[in-house]
1. List every residue pair whose Cβ atoms sit under 9 Å apart, with the two residues 6 or more apart in sequence or on different chains, where the first one lies in the stretch 228-242 and is open to solvent by 40 Å² or more (accessible area, probe 1.4 Å) and the second, anywhere, is acidic (Asp, Glu).
2. Which condition breaks for residue 214 when tested against (1) aliphatic (A, V, I, L, M); (2) open to solvent by less than 70 Å² (accessible area, probe 1.4 Å); (3) under 17 Å from the mean Cα position of the chain (by Cα)?
3. Taking residue 118 and the conditions (1) outside any helix (DSSP H, G or I); (2) under 24 Å from residue 148 (Cβ atoms); (3) open to solvent by less than 40 Å² (accessible area, probe 1.4 Å), which numbered condition does it fall short on, given that it satisfies the others?
4. Would you pick out the residues in the stretch 201-211 that are without any contact (Cβ under 8 Å) to a residue 12 or more places away in the chain and open to solvent by 50 Å² or more (accessible area, probe 1.4 Å)?
5. Looking only at residues that are in a helix (DSSP H, G or I) and acidic (Asp, Glu) in the stretch 19-64, which one is modelled with the highest pLDDT?
6. Residue 67 versus (1) buried (at least 16 other Cβ atoms within 10 Å of the Cβ); (2) in a helix (DSSP H, G or I): which is the lone unmet condition?
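The values are calculated or read from the model by the stated rules, or taken from the named source; none is laboratory data. Note that the structure is a prediction, hence the values are computed from the model and not measured. For neighbour counting, all protein chains shown are included, and Cβ atoms are generated from backbone atoms with ideal geometry for every residue, glycine included. For accessibility, only protein heavy atoms count, side chains too; no ligands or nucleic acids. Shrake-Rupley method; radii C 1.70, N 1.55, O 1.52, S 1.80 Å.
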Amino acid sequence: MAVDNEVSAIYYIQHHLQNLTFGKHPENGWSLASTSTEATEMGFWAIHLDTMGWSIAMGLLFIWAFRKAGKIATTGVPGGLQNAVEMVIEFIENLTHATFHGKNKHIAPIALTLFVWILLMNSLKIIPVDYFPVLFAKLGVDYMKIVPTTDVNATLGMALGVFLMIIYYSIKVKGVGGFAKELSLTPFNHWSLIPFNLVLELVGLIVKPISLGLRLFGNMFAGEVIFILIALLPFWAIWLLDVPWAIFHILVVSLQAFIFTTLSIVYLSAAHEHH
């Protein structure tokens, strides 16, 4: 009986951590993965439909909410939505002024998009872990992970976007030659140490998006696992532990969005600096 319970618990955990994956299986061709093993065998070009779907849905929600707030904006007493949007915009504006030291009118909108989008995706974690998997199971969908930031592909994808902006603005502001000199003559400004400088600077440059993406993924994934483990406990223990952890995780959700946004601004600010 204990073995059956252990197997059921392992299956429960694996099921809730498995993405809805679509790709080309070596034997079955293009199809949805029915197990984690099949998802792995589909290789690099497989796509996590739940991650893509929920991240796009949160992006559309962000656009809809801010567009609606702009339409109903008034100079009088603001409504709840307008007040919330204005608070977020003011917060990001102050954060950008304090962190970004270059001149670029696009940095604040980029920071606003990152913060709100990540915050909305992280906030899906507050929904009970069984709610959507059970709902979609009734519709014939076997797997459904609704928190995109618990998927390392999503977090590294966003980090890669920030990395490409770092390269773009580094070349745009400093020129190809200036960017190359920064990589080859920093921190030691001598021609004989160029190989050593290049190793240091290239490693530091590549580590930025990797650490940015893995930090967000690690914190959100760990929180998801704890929610799943709590769901395996007896009914009375679930309410005793789940509610306090959910309240605490509200802080984690907002803090991780803030950290990702702040580090992105810092990296983009460094890309605008001349050395």
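1. Here the result reads 233/242, each pair linking the stretch 228-242 to a residue that is acidic (Asp, Glu).
2. (2)
3. (1)
4. 203, 206, 207
5. Applying the filter and picking the extreme gives 50.
6. Against the list (1) buried (at least 16 other Cβ atoms within 10 Å of the Cβ); (2) in a helix (DSSP H, G or I), residue 67 comes up short only on (1).
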